[in-house]
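S.K.: Attaching a single structure in structure tokens format; questions to follow.
The values are calculated or read from the model by the stated rules, or taken from the named source; none is laboratory data. Everything quoted here is computed from the prediction, not taken from an experiment. Cβ sites come from the backbone with ideal geometry, for glycine too, and all protein chains shown count toward neighbours. Keep in mind that these areas ignore ligands, DNA and RNA; they rest on the heavy atoms of the full protein, side chains included. Shrake-Rupley method; radii C 1.70, N 1.55, O 1.52, S 1.80 Å.
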Amino acid sequence: MKNKLIRGLACNGRVNVFVVDTTQLSNEAQKKHDMWPTATATLSRVMSMAAMMGSQLKNKKEKISIQIQGNGEIGSIFVDVNGNGEVRGFVGNPHVHYQYNDTGKLAVGIAVGNQGMLSVTKDLGLKEKFTGQVALQTGEIGEDFAYYYAVSEQIPSLVALGCLVDTDNTVISSGGVLIQLLPGALEEDIVKCEALAQPLARVSSMFKNQTVEEIANSLFSDFEKLAEHEVIFSCQCDKSTMKRALLTLSKEERNTLIEEDHGAELTCHWCNTQYHFSEDELIELERFVEQFAR
Ligand SMILES: [Zn+2]
């Protein structure tokens, strides 16, 4: 199942607006990684952000990779997106669940922690990759990305990310809104955008009963859609990527797999797909390595 992202302009072309629904995508991730609610909400928020950041990439080869390393129990968070709207991601500890006592909301900031780093790497198919890195602010993800944009890209941004999880761990609704002031923005645009922070505090429930277009139009009466894309949870792994992973092991380690384990079971971190290599396949791989080494 695919989700939809739209981007466009508002305030007479002085404000950039992105809206993405990631409900299906987040459900897919929840199932693949068997995540508990707060872990799901955390990964979902980062994936919504990645989908919006990636919406200006041109093709499958252009990629944005996000890594968050906080001091909370969830550990590392990895998400990447390519120009085809294919998003994938995982967290260090999928079995994390915290709620704030007062609001009952999923406590993403506690799961992630507020000490640590957020880094964004853009691979635009050029010789060099561009990496921007900032310190985490709250671990709630939205504020951390707003800070990233302000510091690393000098773009004043309002970021709203949310995910509602049901009692059976499935995702009810999730998505994100990114609003960015363009260089010619006026004082009135700033006031208008700042006033949106309050309605956007309940962003996750907006995706429960509104389309991405309805959300954009409810925020800005003059919203003008420029583009729309599909986004999907998709990993590009296959048996040959796993073969390359086997080749990063030492010869001794590979021999152990052949002689003691008589096969190998490899799991892709990104999508949790398991790949089996029989003893014969491992022996064949070893022959290939020897040929190559000669
Ligand atoms: Zn995979």
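S.K.: Using only the alpha-carbon atoms of the stretch 9-94 as identical scatterers, what base-10 log of I(q)/I(0) does the Debye formula give at q = 0.18 Å⁻¹?
M.R.: -0.77
S.K.: Using the per-residue mean of other Cβ atoms lying within 10 Å as a proxy for protection, in what order, highest first, do the peptides 85-92, 65-72 fall?
M.R.: In descending order of packing, they fall as 85-92, 65-72.
S.K.: Assuming a viscosity of 0.890 mPa s and a temperature of 25 °C, what translational diffusion coefficient in µm² per second does Stokes-Einstein assign to the stretch 154-294, Rh being the Kirkwood radius over Cα pairs?
M.R.: For the chosen part, D equals 122 µm²/s.
S.K.: Here's something else I'd like to know. Put +1 on the Cβ of every Lys and Arg and -1 on every Asp and Glu Cβ in the stretch 100-205; which of Gly113, Gly125, Asn101 then has its Cα farthest towards the positive end of the dipole?
M.R.: So the residue we want is Gly125.
S.K.: Sticking with this structure for a sec: For the chain, what does -39500 (n - 2.57) per DSSP helix run (n ≥ 4), summed and divided by total residues, give at 222 nm, in deg cm²/dmol to the nearest 500?
M.R.: Taking each H run of at least 4 residues, the total per residue is -9500 deg cm²/dmol.
S.K.: So, one more: Using the charge dipole of the chain (Lys, Arg: +1 at Cβ; Asp, Glu: -1 at Cβ; taken about the Cα centre), state which of Gly70, His269, Phe292 has its Cα farthest towards the positive end.
M.R.: Farthest towards the positive end: Phe292.
S.K.: Convert 25 °C to kelvin, take the viscosity as 0.890 mPa s, use the Kirkwood radius over C-alpha pairs of the stretch 248-294 as Rh, and evaluate the Stokes-Einstein diffusion coefficient in µm²/s, rounded to a whole number.
M.R.: 215 µm²/s
S.K.: Jot down the radius of gyration and Dmax of the stretch 88-247, Cα atoms only, both in angstrom.
M.R.: Spelled out, the Cα radius of gyration and Dmax of the stretch 88-247 are 18.4, 58 Å.
S.K.: Let me ask you something else. Tell me the per residue accessible area of the chain using a 1.4 Å probe; a whole number in Å² is fine. Could you put the intermediate results ahead of the total?
M.R.: Numbers: 14680 Å² over 294 residues.
Using a 1.4 Å probe on heavy atoms only, each residue of the chain averages 50 Å².
S.K.: Lys2: which aspartates and glutamates have alpha carbons under 14 Å from its alpha carbon, excluding same-chain residues fewer than 8 sequence positions away?
M.R.: Of all the aspartates and glutamates, those that pass the test against Lys2 - Cα under 14 Å, at least 8 places apart if same chain - are Asp21, Glu28, Glu86, Glu228, Glu230.
S.K.: Kindly work out what percent of the DSSP beta bridges joining two residues of the chain are antiparallel, to the nearest 5.
M.R.: If we restrict to bridges inside the chain, about 95 percent are antiparallel.
S.K.: Hey, can you rank 201-207, 221-227, 172-178 by average C-beta count inside 10 Å, highest first?
M.R.: Values: 201-207: 19.1, 221-227: 12.3, 172-178: 26.3.
Output ranking for 201-207, 221-227, 172-178: 172-178, 201-207, 221-227.
S.K.: Taking H as built 1.01 Å from N, whose amide H comes closer than 5 Å to the amide H of Gly113, not counting residues under 5 places away?
M.R.: Under 5 Å from the amide H of Gly113: Gly72.
S.K.: Could you tell me how many cubic angstrom of Cα convex hull volume the stretch 1-157 has per residue?
M.R.: It is 123 Å³ per residue.
S.K.: At 18 Å minimum axial length over the Cα atoms and a Kyte-Doolittle cut of -1.0, report the qualifying DSSP H helices in the chain, or say none.
M.R.: 37-53, 279-293
S.K.: Once neighbouring chains are kept in place and the probe is 1.4 Å, which whole percent of the accessible area of the chain is contributed by carbon and sulfur?
M.R.: 49 percent
S.K.: Another question, if that's okay. Over the stretch 55-122, how many pairs of lysines fall under 14 Å by alpha carbon, counting only those 8 or more apart in sequence or from different chains?
M.R.: Working: Lys58/Lys122; Lys60/Lys122; Lys61/Lys122; Lys63/Lys122.
For the stretch 55-122, the number of qualifying lysine pairs is 4.
S.K.: Using Cα centres only, tell me the gap between the stretch 49-110 and the stretch 204-280 in whole Å.
M.R.: Comparing the Cα centres of the stretch 49-110 and the stretch 204-280, I get a distance of 13 Å.
S.K.: Contact order normalised by length for the chain, with contacts defined as Cα pairs under 8 Å and 6 or more residues apart; what percent is it? Each step should come with its number before you reach the end.
M.R.: Details: 639 pairs, mean separation 68.2, N = 294.
Reported relative contact order: 23 percent.
S.K.: To continue, here is another question. Taking only C-alpha pairs under 8 Å that are 6+ residues apart, what is the relative contact order of the stretch 182-294 in percent?
M.R.: With pairs under 8 Å counted, the relative contact order is 15 percent.
S.K.: Now a separate question. At 10 °C and 1.306 mPa s, what whole-number value in µm²/s does Stokes-Einstein give for the translational diffusion of the stretch 4-53, with Rh from the Kirkwood sum over Cα pairs?
M.R.: Calculated translational D: 133 µm²/s.
S.K.: Note the direction-averaged projected area, equal to a quarter of the hull surface, for the Cα convex hull of the stretch 214-255, in nm².
M.R.: On the way: hull surface 22.6 nm².
Averaging across all directions leaves 5.6 nm² for the Cα convex hull.
S.K.: Another question, then. When all alpha-carbon pairs of the chain are counted, what percent fall beyond 26 Å?
M.R.: Taking all Cα-Cα pairs of the chain, the fraction more than 26 Å apart is 48 percent.
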